[in-house]
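What follows is a single structure, written as C-alpha cells, with notes after it.
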Amino acid sequence: MSMSPFYRRHWRHAAILGLIVLTGFGLFLPEWRKAAGNHFALVQTIHEWGGLFYGLAVLGLGGMFYPWPTKSPAKSPGFTRWAYFFIVMLFISGVGLLIGPSWTRSIATVTHAIFAFVFVGWVLWHLVAHIPIRIGKKKPFTLSLARRHFLGWAIGTAATLPVLWSLPSLAKVVSGRTIQQGEVQGALPGFVPYTVTNGYPAIDPATYHLEVNVPGNPIRLSYEQFKALPMIERKINFQCVTGWAVDGVSFLGVDLEKFLLSKGWDPKEKPWVLFYSADGVYTESLSAEQIHQYQPLIAWQIDHRPLPQSQGFPLRLLVPGMYGYKSIKWLYKIDFADQDVLGYWEQRGYPENAYLGSYNGL
C-alpha cells in the first residue's frame, strides 16, 4: 500500500527537520562537537542555513510547503499543528541568535535551547503515540506488520535516542549553570558552559603552577604568586562564535603583554605565543601583533569573584574584542614559537584572527 500525499510530505519534513535538529545538538553538546572534529564548521553551516531556509519556507509558503493536516483527525493527525508551533518558535529564536544586540542574543540562546529541549520531548511523545503495537480485546499486544509503520517508527527512535541521551547536557545550556563540587560553583547566568572533553579538569589550587617557558628564563608561578602580581580590570561584552553573548562582564587579571615582556619575551625572536589548557586537549595561539592590538589578560576573577570551574578556574586567557574560543580556559602553560601553530578550533576551520564579526559560520 502506497503512502498518502500527506504522509509522504510528513516524512520528508521529518527527515529535513531531523537533520537541522541533530546538527543543532552537534553545535552545543560537547561530545557531539568533539565527534564532529574537522567538520564542525560544516555542521554549523548546515544548521544555520538549513534552519533559515526551512523556516522561511514554512512561514512564507504555508500549506503549499508544510504538510498541514485536514480538518478531519481521522484522515490526518492534528499533531502537525504542534510541530508547526515548535518550528516557528525555533526559527524565530534561531534568527535572534544571529542578529540584534548581545543582550537579545543571550535571551534568544536560552529560548532556542528551551524550545529544542521541549521539542525533543514532544518527538518522544510522538514516537510513543505511534508505536507499532495495536491493542485489542483478544490480543492486547499485537505488533503491527505494516512495514512502513514499523520502519518509520524504528528510524525515528534511532534518530531520537542519541539526543535524549544528551538531554542532561542540554539542560546546562538552558539554565546557563552547571552543578559542580567545591568552592567555585556554577557558571554565571547567561554563559553557556562549553568544553571539548565533556568535563572540567580537577585542579588543586594548592599544587597548581602556571608554566611560562620564556626562552632563557622559564618560570613557574603558583596560584598565590600569580595573584600577587599587579592586576588590571577589564569590562567587556563576552561573545561566543555560536551567537550568544553576555554584556558587561568584568575580568580581573594580569596584562599579558606587559607580563611576558617583563619576563624577557622578545616578540621579534619568538613572535607567536602558544597557550595550553589543563584539559589536555585545548590549545590556542596569538601573534605578537594580536597581543599588542587586543591587550589580553591572564584572568583569575570574573565579576569580582574567583573564576568558577566551568569558566576556567584557576586561570584563563581573556582576549577582548575576539570571540570566546580564543579565551582558553584552565590555562596551565604558555610557550613561544617563531612560527604559527594553529589552535584547537583553528585546526577545525575557525579563523585565527577571531575579531568580532570575522566569522559567520560559512
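The values are calculated or read from the model by the stated rules, or taken from the named source; none is laboratory data. All values derive from a computational prediction rather than experimental measurement. Glycine also receives a Cβ, built like all others from the backbone with ideal geometry; neighbour counts cover every protein chain displayed. Accessible surface areas use protein heavy atoms only, side chains included; no ligands, DNA or RNA. Shrake-Rupley method; radii C 1.70, N 1.55, O 1.52, S 1.80 Å.
How many of the residues making up segment 274-306 are assigned to a strand (DSSP E or B), over 21 Å from PHE238 (Cβ atoms) and open to solvent by less than 50 Å² (accessible area, probe 1.4 Å)?
2
If I ask for residues that are of a type in the set (Gly, Ala, Ser) and either open to solvent by less than 10 Å² (accessible area, probe 1.4 Å) or in a loop (DSSP other than H, G, I, E, B) (or both), which ones from segment 307-347 would you list?
Of everything in segment 307-347, those that are of a type in the set (Gly, Ala, Ser) and either open to solvent by less than 10 Å² (accessible area, probe 1.4 Å) or in a loop (DSSP other than H, G, I, E, B) (or both) turn out to be SER310, GLY312, GLY321, SER327, GLY343.
Please go through segment 214-250 and pick out each residue that is more than 31 Å from the chain's Cα centre (by Cα), surrounded by 16 or more Cβ atoms within 10 Å (Cβ to Cβ) and more than 18 Å from PRO296 (Cα to Cα).
Of everything in segment 214-250, just one residue is more than 31 Å from the chain's Cα centre (by Cα), surrounded by 16 or more Cβ atoms within 10 Å (Cβ to Cβ) and more than 18 Å from PRO296 (Cα to Cα), namely LEU221.
Cβ contacts < 7 Å: first residue on the phi > 0 side of the Ramachandran plot, restricted to segment 313-325; second residue hydroxyl-bearing (Ser, Thr, Tyr), any location; separation 6+ or different chain. Result?
Cβ pairs passing all conditions: GLY321/TYR294; GLY321/TYR355.
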